[in-house]
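Structure first, then comments.
The values are calculated or read from the model by the stated rules, or taken from the named source; none is laboratory data. What you see is a predicted model; the values in this text were computed from it and never measured. Cβ sites come from the backbone with ideal geometry, for glycine too, and all protein chains shown count toward neighbours.
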Amino acid sequence: MLIDGDNAQSALIEAILSETSRYGLLTMRRIYGDWTEPTMKGWKETLHHHAVQPIQQFRYTVGKNVTDSALIIDAMDILYEGVVDGFCLVTSDSDYTRLATRIREKGLFVMGIGRKDTPRAFVNACEVFIYTENLAGKTENSGASALAPRRRDAAAPLSEPPATLRTAVEMAAQEDGWASLGSVGNMIQRQDPGFDPRTFGHRTLSRLVRAYPDVFEVRETKRKGGPSSIYVKLSD
């Protein structure tokens, strides 16, 4: 996990670590920035507790952000060392778009975490992209919610399901019209790496689908001694 300290929020570090742990074991945790700047104070108070290694990068010219260069150089070194299976880039900066695509070209997993206003090019360059607005709720009980981004109007219920969801169900459907929810999720990620049920006010994809009974039919098959399977199709 490589964090651009210039445009990432320290208040969300616990939520970020929790989210990334769903995709694998974090063997490296690094954050880049000019630690002589007062803007990095929030990170100084949290990085040691979470075993995040600070990387110093001085600003040689006023107004220039050199953090991205240092992060990209380190990322390429790690990539060619072949010691990891994937990267998590915590930033909202489009300058990392080419880095993300280069990592994926090598066959490695790339996850991005950033604000909702992150340029679409960087979002689509990642295999999975998580918006920090969807992580903000996890900090409400930590005393750091005042520093977290506010949830946007996108979390309000929609009268119609997201177009991406409807298209994914159509693409994943078998001849009988039914599609496994897992296949639907895979199709969604191919279309939009930034798609997240939490953006639409639902914690899971199954809850999002069930929120539109007039559009989707849902069938759940329970297995004895095992997890149940969920299938969905467009209503007639």
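Some notes on this structure:
- Of the residues making up the range 222-236, those that are out of contact with any helix residue (DSSP H, G or I) (no Cβ under 9 Å at 6 or more places or on another chain) and under 16 Å from Gly177 (Cα atoms) are Ser235, Asp236.
- Residue ID - farthest from Lys116 (Cα to Cα), chosen from residues in the range 181-236 that are hydroxyl-bearing (Ser, Thr, Tyr) and assigned to a helix (DSSP H, G or I): Ser183
- Among the candidates Gly86, Gly33, residue that is touching a strand residue (DSSP E or B) at 6+ places or on another chain (Cβ under 8 Å) and either without any contact (Cβ under 8 Å) to a residue 40 or more places away in the chain or in the same structural domain as Asp196 (by TED's automatic domain parsing) (or both): Gly33
- Residue, farthest from the chain's Cα centre (by Cα), within the range 28-59, restricted to residues that are β-branched (Val, Ile, Thr) and under 25 Å from Lys116 (Cβ atoms): Thr39
- Restricting the range 3-27 to residues that are within 13 Å of the chain's Cα centre (by Cα) and polar (S, T, N, Q) leaves a set whose member that is farthest from Val128 (Cα to Cα) is Ser18.
- Whichever residue in the range 51-71 is modelled with pLDDT of 80 or more and small (Gly, Ala, Ser) and, among such residues, is farthest from Asp95 (Cα to Cα): Ala51
- Residue match in the range 180-196 (condition: buried (at least 19 other Cβ atoms within 10 Å of the Cβ) and more than 30 Å from Ala121 (Cα to Cα)): no
- Residue match in the range 91-102 (condition: among the polar types (S, T, N, Q), touching a Leu at 6+ places or on another chain (Cβ under 9 Å) and within 21 Å of Leu135 (Cα to Cα)): yes
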